[in-house]
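In what follows, a single structure is set out as structure tokens and then discussed.
The values are calculated or read from the model by the stated rules, or taken from the named source; none is laboratory data. Just so it is clear, the model here is predicted, and its values are computed rather than measured. When we count neighbours, we look across all protein chains shown, and the Cβ atoms used for this are built from the backbone with ideal geometry, even at glycine. The protein model used for the area step is the full one, side chains on, heavy atoms only, and it has no ligands, DNA or RNA in it. Shrake-Rupley method; radii C 1.70, N 1.55, O 1.52, S 1.80 Å.
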Amino acid sequence: QVQLMESGGGLVQPGESLRLSCAASGTIFRLEDMGWYRQAPGKQRELVAVISIRGKTRYADSVNDRFTISRHNGENRVWLEMNNLKPEDTAVYYCRADVIQTWHGASTETWGQGTQVTVSS
């Protein structure tokens, strides 16, 4: 079984920065796409950023030029650097990974428990 553990959330003021971290543990052969999603109260979960195993990135329009996703394949980690945070960025942020546990296995979607990010003055 594979677990994803997020950290780095918190309360910040508008314009400040936060760095989220996600570490994968368990039986892992390879992690394919890794990404960050968020869910604000009363809203559906939405994509924030995703990064492929080769480092190709994709961002939501609302965070482009403010957020940066990165990963370390050897350590099975992914980060989300968030700059110039806005109140509308307030949400629970979830880490997601496509996990392959054996060399011949299929990819399984795995989610973390989430970390709260609150942007407020």
Which numbered condition in (1) touching a Lys or Arg at 6+ places or on another chain (Cβ under 7 Å); (2) farther than 17 Å from G10 by Cβ is the only one that H72 fails?
(1)
For the list (1) farther than 22 Å from V119 by Cα; (2) at pLDDT 95 or above, I need the number of the one condition that W36 fails.
(1)
Inside segment 54-87, the number of residues satisfying the requirement of being in contact (Cβ under 8 Å) with a residue 12 or more places away in the chain, of a type outside the set (F, W, Y) and under 19 Å from V99 (Cβ atoms) is 10
With the requirement that a residue be of a type outside the set (D, E, K, R), open to solvent by less than 30 Å² (accessible area, probe 1.4 Å) and under 25 Å from G74 (Cα atoms), what does segment 1-13 give you?
V2, L4
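To keep it simple, each residue is scored yes or no on (1) open to solvent by less than 20 Å² (accessible area, probe 1.4 Å); (2) charged (D, E, K, R); (3) in a strand (DSSP E or B); (4) within 18 Å of T108 (Cβ to Cβ).
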residue	(1), (2), (3), (4)
G15	no, no, no, no
R19	no, yes, yes, no
A23	no, no, yes, yes
I28	no, no, no, yes
D33	no, yes, yes, yes
G42	no, no, no, no
V48	yes, no, yes, no
R58	no, yes, yes, no
D61	no, yes, no, no
Here is a list of conditions, (1) open to solvent by 60 Å² or more (accessible area, probe 1.4 Å); (2) under 21 Å from Q116 (Cα atoms); (3) in contact with a Phe, Trp or Tyr (Cβ under 8 Å, 6 or more places away or on another chain); (4) not polar (S, T, N, Q), and C95 meets all of them except one; can you say which number that is?
(1)
Given the options N73, N64, name the one that is modelled with pLDDT under 95, under 17 Å from Y93 (Cβ atoms) and out of contact with any Gly (no Cβ under 7 Å at 6 or more places or on another chain).
N64
Filter segment 98-121 down to residues that are out of contact with any strand residue (DSSP E or B) (no Cβ under 6 Å at 6 or more places or on another chain), small (G, A, S) and closer than 29 Å to R30 by Cβ and give me whichever is surrounded by the fewest Cβ atoms within 10 Å (Cβ to Cβ).
A106
